[in-house]
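Step one of this worksheet: look at the structure below.
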Amino acid sequence: MPDVVLGNNVKVQNNVSLYTGVVCEDDVFLGPSMVFTNVINPRSAIVRKHEYRQTLVKRGASIGANATIICGNTIGEYALIGAGSVVTKDVKPYALVVGNPARQVGWVGEYGNQLEFDESGKAVCQESKQVYRLENEQVSKDADQR
């Protein structure tokens with residue numbers, strides 16, 4: 001397992017804790033004092049370096065200040081993790097999650113703005129004008145924009 005991998009244009013703010021097994025793809029934002037873990041059940045007197053679990057943060061995701069990401073999970077593309085959240089399971093692409101434990105409360109576009117889907121499953125980012133589709137609880141950019 002690699003120690004830590006940071007892609008291009010990853011922004012690491014003050015006091016971020018990065019441990020063995022963390023992989024961040026391009027354009028990831030890691031907010032101030034957020035933490036990754038790498039062992040699911042740490043004990044001071046028991047060496048568990050062989051039990052490190054990989055955590056993958058996909059392209060464009062943002063993790064807010066003081067959030068904790070429990071090891072072994074994947075944060076999907078462009079997901080937004082709210083400040084202070086504790087992520088205990090995988091996060092879908094474009095998902096907005098908050099709380100402890102983190103729960104999905106909505107969807108965001110690539111610019112980080114919340115998306116409001118109409119009855120047909122279409123949303124337009126007010127800032128970028130990008131069009132998104134929601135189908136089967138998965139968000140994707142409209143095929144005409146890829």
5 angstrom amide H check on residue 24, placed H, neighbours 5+ away: 5, 6, 7, 57
Phi to ³J(HN,Hα) by Karplus 6.51 cos²θ - 1.76 cosθ + 1.60 over segment 52-63, Hz, x for Gly, Pro: 4, 10, 6, 10, 10, 10, 7, 3, x, 6, 10, 10
DSSP-assigned coil residues among trypsin sites (Lys or Arg not before Pro) in segment 64-131, each with at most 16 further Cβ atoms within 10 Å: 89, 129
About the Cα centre, charge dipole magnitude for segment 4-108 (Lys/Arg +1, Asp/Glu -1 at Cβ), debye: 300
Net length gained if the chain between residue 3 and residue 104 were fully extended (0.36 nm per residue, minus Cα distance): 33.4 nm
Percentage relative contact order, the chain, counting C-alpha pairs under 8 Å, at least six apart: 13
Projected label distance in nm at residue 44 and residue 118, using a 7 Å step from Cα toward the beta-carbon: 6.0
Cross-link partners of residue 129 among lysines (Cα-Cα below 21 Å; sequence separation of 8 or more within a chain): 141
Compactness of the chain, expressed as Rg and Dmax over alpha-carbon positions, Å: 16.0, 56
Distance between modelled label sites at residue 54 and residue 17, nm, 7 Å Cα→Cβ extension: 2.3
Fraction of beta bridges assigned by DSSP in the chain that are antiparallel (%, nearest 5): 35
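Quick note: the coordinates plus some simple rules give every number you see, no bench work behind them. What you see is a predicted model; the values in this text were computed from it and never measured. For neighbour counting, all protein chains shown are included, and Cβ atoms are generated from backbone atoms with ideal geometry for every residue, glycine included.
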